[in-house]
1. Scan segment 111-131 for residues that are at positive phi and touching an Asp or Glu at 6+ places or on another chain (Cβ under 9 Å) and jot them down.
2. If a residue must be open to solvent by less than 70 Å² (accessible area, probe 1.4 Å), farther than 11 Å from ALA34 by Cα and either small (Gly, Ala, Ser) or modelled with pLDDT of 95 or more (or both), how many such residues does segment 82-95 contain?
3. Failed condition for ARG146, given (1) open to solvent by 20 Å² or more (accessible area, probe 1.4 Å); (2) without any contact (Cβ under 8 Å) to a residue 60 or more places away in the chain; (3) part of a loop (DSSP other than H, G, I, E, B), with all others met?
4. Any residue in segment 64-83 that's within 15 Å of CYS121 (Cα to Cα): show its pairings with residues that are open to solvent by 50 Å² or more (accessible area, probe 1.4 Å) and part of a helix (DSSP H, G or I) at Cβ separation under 6 Å, as long as the two are six or more apart or on different chains.
5. What is the number of the single condition among (1) over 12 Å from ARG29 (Cα atoms); (2) in contact (Cβ under 8 Å) with a residue 24 or more places away in the chain; (3) surrounded by 13 or more Cβ atoms within 10 Å (Cβ to Cβ) that ILE98 does not meet?
6. Just to verify a result, which residue in segment 109-130, among those that are open to solvent by less than 40 Å² (accessible area, probe 1.4 Å) and touching a residue at least 60 places away in the same chain (Cβ under 8 Å), is farthest from ILE154 (Cα to Cα)?
7. Report the residue count in segment 21-49 for those that are among the aliphatic types (A, V, I, L, M) and open to solvent by 30 Å² or more (accessible area, probe 1.4 Å).
8. Hey, among the residues in segment 12-43 that are more than 20 Å from VAL147 (Cα to Cα) and not polar (S, T, N, Q), which one's farthest from the chain's Cα centre (by Cα)?
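The values are calculated or read from the model by the stated rules, or taken from the named source; none is laboratory data. Treat the numbers as computed from the prediction; the structure is a model and nothing was measured. Here the Cβ is made from the backbone with ideal geometry for all residues, glycine too, and neighbour counts use every protein chain on show. Just the protein is used for accessible areas: all its heavy atoms, side chains included, with ligands, DNA and RNA removed. Shrake-Rupley method; radii C 1.70, N 1.55, O 1.52, S 1.80 Å.
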Amino acid sequence: MPQAALRTDKNNYYLDIAETVLERGTCLRRNFGAIIVLNDQIIATGYTGAPRGRKNCLDMGVCLRETMQIPRGERYELCRSVHAEANAIISAARNDMIGSTLYLAGHDMATGQLVENANSCSMCKRLIINAGIDKVIVRQTPTQYRVIHVRDWIFNDESLQGKVGY
């Protein structure tokens with residue numbers, strides 16, 4: 001088989017890196033890794049974890065949202081962690097993010113498997129929009145991914161659809 005046929009495509013290359021970044025995460029439920037790329041240059045990385053200097057769930061051995069059996073996608077204000085997307089965004093200059101792509105991969109900590117139907121929360125979507133990021137590419141399987149055009153989040157504003165809360 002020709003060597004080129006074995007070569008990983010660019011999107012999976014960056015998703016592989018995002019998956020490595022998530023290994024630094026400290027969440028007991030789901031860890032995500034995010035990388036921001038512009039013109040084939042990694043601008044910033046981020047993973048799920050408590051703010052600098054604060055104790056994280058991994059070290060404390062408890063997740064409040066898990067203890068309270070809060071469903072996925074709800075009550076993020078109770079979470080100790082800063083999301084991977086937010087951590088990547090605060091590590092980069094806005095000028096470097098305009099027109100960039102954010103790659104996102106997540107693991108369910110109970111199963112070790114990729115998070116099914118992963119997506120940015122509403123707060124992270126707002127941060128991504130304001131950062132000037134153009135696309136979000138989310139890992140679905142080890143080789144498949146979903147491409148989200150951020151302009152769709154702008155034009156299909158979920159905050160106008162009667163959803164309340166975060």
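1. Correct list: empty.
2. Qualifying residue count for the region: 2.
3. Condition not satisfied by ARG146: (3).
4. Listed pairs, sorted by first residue: LEU78/LEU64.
5. Result: ILE98 passes all but (3).
6. So, considering only residues that are open to solvent by less than 40 Å² (accessible area, probe 1.4 Å) and touching a residue at least 60 places away in the same chain (Cβ under 8 Å), the one farthest from ILE154 (Cα to Cα) is VAL115.
7. 4
8. In this case the residue turns out to be LEU28.
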